[in-house]
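Step one of this worksheet: look at the structure below.
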Amino acid sequence: MPARNGASYIDSLKQMNPSVYLDGKVDSVIDHPAFAGVIRSYADLYDMQEGEKQDVLTFEENGSRYATSFLVPKSADDLVRRRSAAREWAEYSGGMLGRTGDYLNAALTALSQARDWFAEADEQFAINIENYVRWAKESDVLLTATVGSPQTNRAVSAAEQGGGETTLRVVAQDDSGITVSGARMVATNAPIANEILVMPQTVLRTGVDDKPYSFAFAVPSDIEGLRLLARRPLAYGNSEFDEPLASRFEEIDAICVFDNVLVPWDRVFLLGHPAKSNAMLTDTGATALMAHQSVTRTTVKTEFFAGLLVEMAETIGIDRYGHIQDDIAQAIMAATMGRSALRAAEVDGKINEYGFFQPDMAPLAAIRTWFPRYFQTLPETIRKFGASGLTALPYESDMSGEIAGDASRYLQSKTLPGRDRVHLFNMGFDAAVSSFAGRQGLYEYYFHGDPLRMASAYLASTDTSDYRDLVERMLKRTREF
Ligand SMILES: Cc1cc2nc3c(=O)[nH]c(=O)nc-3n(C[C@H](O)[C@H](O)[C@H](O)COP(=O)(O)OP(=O)(O)OC[C@H]3O[C@@H](n4cnc5c(N)ncnc54)[C@H](O)[C@@H]3O)c2cc1C
């Protein structure tokens, strides 16, 4: 059943029974109000695969249609196709949905091509990853992933957290598979995902002690022994008018506690190779394909904020002021840089050693290292523009009741009647003031890891010789005078 629709996604959740804890054990994720809005949104995304955008969101292969996020790129044009599909989904939520299936499908697509890389560790791992990705593509399952160790004591290594008792590790292995225990922090959407990709721990020291912590595997989110400890929901059950973003796009993060979980061998992709574990995503080109999706999403998100700034400024008549124009211009420039980086990455891509067309990482790395901190300025600017207007927001129900007259008189703006202006500013509230907005800021800040350490890694992986050479040449010229 390739390229699923919304009903098939919902059916798949009905057939699953994950152990989710959210103020008590959740009987049924599908019936729990905390997940209703986001499940509906994900179902909408899958329905789009059959709608008028079918040709963008899916591709044909051997008579079947598959999600475009599984298209193995062979040219720059294929990367454009992948970006167009990622854009369609990102536009649906203004980039607020951060864990849409296309992100990890990008990783799987790259991993499936790197059989030789896996075979260097063990031929069976190469077979396992190929089979798993074929199955994931055929069934179009929704995946999430988890990489991090519990935050016990960051002054010591992942393997030493909590005396070695907290970080997820292999505790046994036999003919049936590996048994793992410990926790991973965190997996967004784990309660509503079909599968959890347990990626290699970042970053191991590559010593022998790290072997039990070095692995990659995938499990269904309802596998026996896995408990998902969800955080409190940040949507308050109000109407979509009152909570235009939170009511639809609240993706709940969950700690994954593995209590002696048996992972069958056919779902193990790597085991006991700390150095390879550290390099799995970069060596195989998975990082580049994932970044191509995530920069597409964050560019759309920047465009959404730019649009919101323009609308808010215009409606309350502040668009004439220089500092307001400067802020809007900054957001538009940021979106333009995102689009330009994507185009450069596509045009300058190359066929990699595993035979697929890999986007050039340099522009993607620049944007993904810069964006987490830049993003924090966008909600701040919404708050600056909206000021008290972001608190003058009566409930939708009150605006049709006895205070309807007050709302239409006192909440009207230069261009909008009261109700429409409140609707727009509710969007601003959800993007910049609400609990949902706070979590969005946190999410973007840490999406790729700690942005400060990412910047150090970015610098370490960047050849600075051309920059230095330029200075040297200029120094030389002044010496000659
Ligand atoms: C909302 C949200 C959703 C997430 N969803 C997912 C998900 O779906 N899947 C997933 O795998 N992960 C997810 N994450 C986890 C994310 O990958 C991590 O937050 C990120 O990698 C940072 O790790 P950490 O949270 O353990 O922070 P820490 O490593 O504990 O860092 C905390 C602070 O200490 C500083 N610090 C710690 N150690 C050092 C050091 N050695 N040197 C310098 N400074 C240091 C950091 O700069 C930072 O300021 C999510 C995180 C958030 C916030």
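The values are calculated or read from the model by the stated rules, or taken from the named source; none is laboratory data. Please read these numbers as outputs of a predicted model, since none were measured by experiment. We place every Cβ from the backbone using ideal geometry, glycine too, and count neighbours over all the protein chains shown. Keep in mind that these areas ignore ligands, DNA and RNA; they rest on the heavy atoms of the full protein, side chains included. Shrake-Rupley method; radii C 1.70, N 1.55, O 1.52, S 1.80 Å.
Here are the numbers:
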read-out: Positive dipole terminus of the chain, leading residue within L309, A3, G355 (C-beta point charges); value: L309
read-out: Rounded accessible area per residue of the range 1-96, 1.4 Å, Å²; value: 46 Å²
read-out: Gyration tensor (alpha-carbon) shape descriptor, the range 1-110, a/c threshold 1.5; value: prolate
read-out: Of all accessible heavy-atom area on the range 285-472, the percent that carbon and sulfur account for (1.4 Å); value: 55 percent
read-out: Rel. contact order, % - alpha carbon contacts under 8 angstrom, at least six apart, the chain; value: 16 percent
read-out: Where the range 285-472 is the region considered: accessible area per residue in Å², 1.4 Å probe; value: 48 Å²
read-out: Loop sites in the range 205-270: GluC sites (Glu not before Pro), DSSP, at most 15 other Cβ within 10 Å; value: E224, E240
read-out: The range 285-472: C-alpha gyration tensor shape, a/c 1.5 cut-off, then a/b vs b/c; value: prolate
read-out: Of the DSSP H helices in the chain, those whose Cα atoms cover at least 27 Å axially and whose Kyte score averages -1.0 or more; value: 286-315, 322-347
read-out: Gyration tensor (alpha-carbon) shape descriptor, the chain, a/c threshold 1.5; value: oblate
read-out: Selected from Y445, G95, S12, residue furthest toward positive end of dipole (the chain; charges at beta carbon); value: Y445
read-out: DSSP-assigned coil residues among trypsin sites (Lys or Arg not before Pro) in the range 314-382, each with at most 16 further Cβ atoms within 10 Å; value: R320
read-out: For peptides 357-367, 387-397, sequence by mean Cβ density within 10 Å, most packed first; value: 357-367, 387-397
read-out: Positive-end residue of P220, F249, V263, charge dipole of the range 163-287 with Cβ unit charges; value: V263
read-out: Per residue value of the accessible surface for the range 114-192 (all protein chains in place, 1.4 Å probe), Å²; value: 40 Å²
read-out: Cα→Cβ-extended label distance, 7 Å offset, between E60 and D47, nm; value: 2.6 nm
read-out: Computed label-point distance, nm, for sites R81 and N17 using a 7 Å Cα→Cβ extension; value: 4.2 nm
read-out: Gap separating the Cα centres of the range 325-381 and the range 192-234, nearest whole Å; value: 29 Å
read-out: Charge tally in the Cβ shell below 14 Å around A275, where Lys, Arg are +1 and Asp, Glu are -1, A275 excluded; value: -1
